[in-house]
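Contents: one structure, followed by commentary.
Bear in mind these aren't lab numbers, they're just calculated from the coordinates by the rules spelled out. What you see is a predicted model, and the numbers here were worked out from it, not measured in a lab. Virtual Cβ from ideal backbone geometry, glycine too; neighbours counted across all protein chains shown.
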Amino acid sequence: MKVSLIKIEKAVYLNDYRLELLFNDGKIIIVDLDEFLKRSSNPKTRKYLNKNFFRKFKIVLGDVVWGDYEMCFPILDLYEGKVS
């Protein structure tokens with residue numbers, strides 16, 4: 001049985017703290033990180049409440065990351081639309 005890894009191929013900033021994610025199997029998910037960011041007490045994460053910083057994400061090895069991995073999420077959680 002062949003197991004393929006889920007990866008993010010493309011991420012597009014939509015508005016506020018929302019991203020549209022395209023996965024390598026063709027699935028598209030819109031994630032809203034608003035509540036996650038507002039609930040965070042970590043200053044490295046809270047800095048991404050500044051939308052100028054938030055928009056500077058990149059795709060690294062199939063994952064969406066901010067900064068030097070200051071903020072990233074498990075790919076499976078993003079795939080299922082769950083961000084906690």
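Overview of values
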| quantity | calculated |
| --- | --- |
| Among D68, D32, D16, residue whose mean-square fluctuation peaks in a GNM of the chain (springs only between Cα atoms under 10 Å) | D68 |
| Within the range 56-71, backbone nitrogen closer than 18 Å to the virtual label 7 Å beyond the Cα of N24 toward Cβ | 58-65 |
| Convex hull projection area averaged over all views, the chain, Cα basis, nm² | 5.5 |
